[in-house]
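The values are calculated or read from the model by the stated rules, or taken from the named source; none is laboratory data. Because the structure is a prediction, the values reported are computed rather than measured. No Cβ is skipped: glycine too gets one built from the backbone with ideal geometry, and neighbour counts run over all protein chains shown. The area values use the complete protein model at the heavy-atom level, side chains included, leaving out ligands, DNA and RNA. Shrake-Rupley method; radii C 1.70, N 1.55, O 1.52, S 1.80 Å.
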Amino acid sequence: MEIDYLFFYCWRNVYIRGLIFNFIKTNKTDLINANYGIYNYYQMNDVNLMATNKSLNQLLVEKVEKKYHLNFNFSKSGIPFENIFKNFKNETYKEFYYNLFNNYPNYFLSSIDKTAEYSMACDCVVAFQVLVNNFNYTPINCKQLFIDSILKGSIETSKLINEKFNPKLNQIDYNEIWKLLLNKNVGLVIEETIPKYDPIGKINQSIEYLIIELNAPLPPSSPPIENNNNNNSFKCFIDFSIKNRNLEFILSTCYSISYLKSYLESFISPFPNLTNSFKILTIKELDEIKMKLSKQELESNLQDIETNNEIISKLVGMASKFTNINFYFNMVFYYQHYENNYIYFNVIENQNENLSLFNEILIAHANYKGIIENVDLMDIEPNQKGKSIIITGKESFKIFRSCKNNIENVFKIMVQDIIDNFVNRTKPITEIHSVLDIIKFLVTFGDTKLVLQLFAGINKNHVIVAGGYPNQAYSLITSSEMFDIIFFNFKNAFRINEIYDLVDSNNDRTNTYLILDHFKSKYPNEYNKVVRHYSPLPNHLINDFIFNNLDEHKQKLIESECWLNRVRQGSVVQLDRFKQILHLIPHDREYHCFESSEIFNYIFNQRMHDFENGRFQLTHRSSLYNYYVCGKLETTILNYIEKPMDFPNLNSCIDLLIKFIDLNSLKFIFDYFNLQNCSNYQSFFKNHLILISEQNNLQVLSFIFQNYPILLTQENLQFLFNHCYQKTASIELIDYIIKKIRFKPTLLNLNSIPIIKNYFNFSN
């Protein structure tokens, strides 16, 4: 479109774009959450936020180029500058890295070797290249850096180091690399999810680089096998859960196994009858398979690929054979998906000794028969009469996702067991799982066909639903069809508040409203009956259904004096809802703004008479940051507040002013409340110093020192220094404390994070 062309034509002009940014101001009335505010161009200095948010990447590039004051905000965990190095890897960012290193030398050049290590650990080859080409970087120990890059899977950086510095590796070096690489995952726990930056996924890259690119000799010996009775004694080089991985990862693992075939030849499976049929495919066979797989298949999760695929079953069997901690899980996944075999658990020895792991495997892989057989052994909800599986919510998706292609068979076992237990009394009542839990489980799963079959079976055999409150099933409904089924069977247990409360807890509010609309239109008599017994709760004030049907709820809301409620933290009463509430309030009753800056602004501009006559409870229900967000901080306090004034959110407001770097408003608050002379405020000021440190907020620290130096006691300065030194690595603040304030900190027993340690070593 022409308007798009004109916009980008102007936006690409550096001068025009600069003028636009110069006129950007913070629109405080648009704040949704004042504590996390909207920042203008100059206030935004959080490097991690700009680096991890793609829409803000270019903003960081521009600020670095102009040498703006930035907040790098480190922590003890993770790699320093990780968010930068992992989100700016493209070759086009060479100039960005040159500006970054050159304009912020205290952070990056005070120890250039460390910066190179950090970029290598993130495999950011463009940053490493800039250090080499533009800052004359030469590794102190080139060989060790090369070895580390291989072990970390930073293969692009490995190639650059090899090309630029040509480190020579000997047999001893290769032996050490293999030793560290193939034993680095010993002791892993069961893999539930894949971390964002997956260290296991990089092992395959390292193996391929060693074998193909470096032509490295193979490992010198077979994998270690402990001589004990533990079936998991084999220490595999790569351990993972098959069901969490995509096909591309499985194929890559198969390549690694094939490369190391001779290394794995002496491996003896703990369950040879299960794994002996798994063939180790050759590289040629894997190449042929790879040619047959589509990009979509390679990127798909194993759980989502059809099971009748012989090629994929070969890859899964080969990859899972050599796993360790996840071996049980992977065998179950393989046999259920590709052999339709549920007998696998019969071969597990010492079952009772590993009951916790055993039951976790049963649930994770939908072996419902195994759950039933062991329900009397399960240590679940000991205070509840009878055993209960409680597999609702997200657990229900976990239990059926692994067997979705065989769900009918699993369901038949489930229903038959319910009937057998209650009709034939095959177990004592205290050892029978809750039928209600199974109903809740299936309701959450959302399959109306299965729920109808379940009710048909239990009603036909007069099975009693016990073990909890039937109305709990309503809280899990996701469709009007499911509502009809549950309402038909549990009509007497229905409570309208149960559904209203979903609006507060359920992210999918639209769906909940549709169910409520369905209930009102299809069951008008029942609807009118339950609404007459409705009990308003504070967070019902955010419920659109109630206010769209206000006539039925009006009297109950008035009786409860809903205008005096305070909604749960994090919930927001919308302005249009507030206007409806105003019509319910008697003229002689007081009200407040529900901690909403939008509502406060409306009252200030449209209902000033309520300020003047005291009907609007400004002093007890409003907070300072509401005044500030609306741009009326000074006006409201000076004209409508009498001293002394107790503001419950005074400190939240000061934190907000620090975030916005609003020095004028800070001065007004400090002077108006005379905070610098309050006896206990010097000690309490430490809380704000933490925020100053976390934001690397040099402007605010300088402002405090110049105007309220009494707040910067020796104790507070040491506290701020410690926080910067140990937690945030705010070099600018440390420099200011030492050089401008001339404070001499105590370094005894302080453990700094790497960036600060590098800087101090450099500056000294």
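Annotation: of all residues in segment 577-616 being loosely packed, with under 11 Cβ neighbours inside 10 Å and within 26 Å of GLN555 (Cβ to Cβ), the one that is nearest to the chain's Cα centre (by Cα) is HIS583. If a residue has to be open to solvent by 10 Å² or more (accessible area, probe 1.4 Å), of a type in the set (S, T, N, Q) and part of a loop (DSSP other than H, G, I, E, B) to count, how many in segment 133-161 make the cut? Matching residues across segment 133-161 total 3.
In segment 500-514, the residue that is farthest from ASN549 (Cα to Cα) out of those that are modelled with pLDDT of 75 or more and crowded, with 19+ Cβ neighbours inside 10 Å is THR512. The numbered conditions (1) open to solvent by 40 Å² or more (accessible area, probe 1.4 Å); (2) outside any loop (DSSP other than H, G, I, E, B); (3) at pLDDT 90 or above are all true for LYS727 except (3). For ASP655, are the conditions met, namely being open to solvent by 50 Å² or more (accessible area, probe 1.4 Å), modelled with pLDDT of 85 or more and closer than 29 Å to HIS592 by Cα? Answer is no for this residue. Within the option set PHE705, PHE743, being part of a helix (DSSP H, G or I), surrounded by 13 or more Cβ atoms within 10 Å (Cβ to Cβ) and at pLDDT 90 or above holds for one residue only, PHE705. Pull up segment 175-203, narrow it to residues that are at pLDDT 90 or above and either open to solvent by 30 Å² or more (accessible area, probe 1.4 Å) or basic (Lys, Arg) (or both), then point me to the one that is nearest to SER119 (Cα to Cα). In this case the residue turns out to be GLU176.
For the residues ILE737, ILE741, ILE704, the requirement of being of a type in the set (Val, Ile, Thr), within 26 Å of LEU638 (Cβ to Cβ) and over 35 Å from the mean Cα position of the chain (by Cα) singles out ILE704. Determine, yes or no, whether TYR736 is under 19 Å from PRO80 (Cβ atoms), among the aromatic types (Phe, Trp, Tyr) and either in a helix (DSSP H, G or I) or at pLDDT below 90 (or both). Answer is no for this residue. Candidates in segment 587-622 are the residues that are in contact with a Cys (Cβ under 7 Å, 6 or more places away or on another chain) and of a type in the set (Gly, Ala, Ser); of these, the one that is modelled with the highest pLDDT is SER597. Quick check on ASP376: is it assigned to a helix (DSSP H, G or I), charged (D, E, K, R), open to solvent by 30 Å² or more (accessible area, probe 1.4 Å) and modelled with pLDDT under 50? Judged against the criteria, ASP376 is a match. Scan segment 114-131 for residues that are open to solvent by 10 Å² or more (accessible area, probe 1.4 Å) and under 15 Å from ASN102 (Cα atoms) and jot them down. Hit for segment 114-131 is GLN129, nothing else. Just one residue in the set ARG568, ARG532 is in contact (Cβ under 8 Å) with a residue 12 or more places away in the chain, surrounded by fewer than 16 Cβ atoms within 10 Å (Cβ to Cβ) and among the basic types (Lys, Arg); that residue is ARG568.
For segment 431-446, the count of residues that are modelled with pLDDT under 70, open to solvent by 10 Å² or more (accessible area, probe 1.4 Å) and touching a Phe, Trp or Tyr at 6+ places or on another chain (Cβ under 7 Å) is nonzero.
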